[in-house]
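Heads up: the structure comes next, in structure tokens.
The values are calculated or read from the model by the stated rules, or taken from the named source; none is laboratory data. Only a predicted model underlies this, so the values are computations on that prediction, with no experimental measurement involved. Note that we place each Cβ from the backbone using ideal geometry, even for glycine, and neighbour counts take in every protein chain shown.
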Amino acid sequence: MPRLNVVLFFILLTTGLEAQLYEKSFALEVAPHLGGRRISGGALVEFTELERQEELEDGIGGLGLGLLFESRADKAGFTTGLRYLDTGYELVDPGEDGPVLGFDLTDQVKAKYLSIPMELNFHQSITDKDRAFFMLGIAAHVHLNTTTERTTTFDGEDRGTETLPDDPELVYRPVNISLNTGIGYDRKLGNNWAVKIQPFFQFFLRGNLQADDRQLNRNYCSSVSL
């Protein structure tokens with residue numbers, strides 16, 4: 001499972017405020033995050049291979065950008081819009097000679113998605129300007145592309161980094177669905193502006209690849225916290 005460390009900033013432009021009971025707002029979102037994944041294997045993948053791959057891989061940092069619309073009536077509301085998600089994982093293979101000796105490979109797999117969220121928000125006012133909220137929802141992620149950058153070292157000496165060509169055997173799902181949940185806090189800065197901080201967790205419900213009994217697969221996930 002991933003470590004819960006990702007950062008999310010919302011800067012909101014609020015319009016149509018009516019006695020603090022009904023609000024509409026547009027938000028610019030910037031969300032550095034830590035990506036992770038749950039690894040699985042097809043029916044023809046041996047369990048020992050799955051275990052070894054689990055030991056070699058780890059999550060990497062990523063970035064999310066979004067332009068969102070939020071509507072709220074009293075204590076309940078929803079969020080939708082567009083997000084750009086850059087996530088992935090890292091594989092470090094020390095080879096048969098172990099780390100430092102011989103050839104060592106480090107692959108960074110970076111996946112890019114265009115996401116459409118649909119999230120419900122439940123608000124609780126603390127003061128006239130401060131509110132806490134809970135978020136639960138889903139998002140549809142359209143796969144844009146996935147690249148692998150490989151760094152090679154020999155006896156601890158860097159031999160350079162290259163972008164690997166696309167593997168024709170890897171067929172990525174064009175669309176994936178994630179479950180999103182989180183808690184947050186927002187503070188009004190004036191009649192038209194507010195700032196929101198929202199740690200959240202996101203988990204892809206299916207693997208990034210089309211199902212194949214011969215291949216490993218990964219359910220991406222990411223977490224955000226300030």
Report task. Within segment 74-95, work out how many residues are at pLDDT below 90 and either within 21 Å of residue 180 (Cβ to Cβ) or touching a Gly at 6+ places or on another chain (Cβ under 7 Å) (or both). Result -> 2
Requested in this report: Starting from segment 145-156, keep only residues that are in contact (Cβ under 8 Å) with a residue 24 or more places away in the chain and within 22 Å of residue 174 (Cα to Cα), then list their pairs with residues that are loosely packed, with under 14 Cβ neighbours inside 10 Å and of a type in the set (A, V, I, L, M) whose Cβ atoms are within a distance under 9 Å, requiring at least 6 positions of separation or different chains.
Outcome: 146/170; 147/164; 148/164; 149/164
**Report entry** Looking only at segment 64-81, and only at residues there that are surrounded by fewer than 16 Cβ atoms within 10 Å (Cβ to Cβ) and within 20 Å of the chain's Cα centre (by Cα), the one that is nearest to residue 205 (Cα to Cα)
**Finding:** 80
Query raised in the report: Just checking, which of 185, 113, 172, 89 is in contact (Cβ under 8 Å) with a residue 12 or more places away in the chain, in contact with a Lys or Arg (Cβ under 6 Å, 6 or more places away or on another chain) and either among the aromatic types (Phe, Trp, Tyr) or at positive phi (or both)?
Result: 89
Report task. Answer yes or no: is there a residue in segment 143-152 that is in contact with a Pro (Cβ under 7 Å, 6 or more places away or on another chain), part of a strand (DSSP E or B) and either at pLDDT 95 or above or over 14 Å from residue 182 (Cβ atoms) (or both). Result -> yes
Query raised in the report: Is there a residue in segment 179-189 that is part of a strand (DSSP E or B), over 22 Å from residue 59 (Cβ atoms) and either more than 22 Å from the chain's Cα centre (by Cα) or of a type in the set (S, T, N, Q) (or both)?
Result: yes
Query - Long-range neighbours under 6 Å by Cβ, at least six apart or interchain, first residue closer than 13 Å to residue 28 by Cβ and free of Cβ contacts under 8 Å to residues at least 60 places away in the same chain within segment 66-85, second polar (S, T, N, Q) and surrounded by fewer than 16 Cβ atoms within 10 Å (Cβ to Cβ) - result: 69/80
Query raised in the report: Are there any strands (runs of 3 or more DSSP E) wholly within segment 26-119 with 1 or more residues that are farther than 29 Å from residue 133 by Cα and not aromatic (Phe, Trp, Tyr), and if so which?
Result: 57-59, 76-93
Requested in this report: Select from segment 190-211 the residues that are of a type outside the set (Gly, Ala, Ser) and in a loop (DSSP other than H, G, I, E, B) and write down the one among them that is farthest from residue 174 (Cα to Cα).
Outcome: 191
**Report entry** In segment 12-45, residue nearest to the chain's Cα centre (by Cα) [restricted to those that are surrounded by 19 or more Cβ atoms within 10 Å (Cβ to Cβ) and at pLDDT below 85]
**Finding:** 12
Query raised in the report: Do we find that residue 223 is within 22 Å of residue 27 (Cβ to Cβ), among the hydroxyl-bearing types (Ser, Thr, Tyr), surrounded by fewer than 14 Cβ atoms within 10 Å (Cβ to Cβ) and touching a strand residue (DSSP E or B) at 6+ places or on another chain (Cβ under 8 Å) in this structure?
Result: no
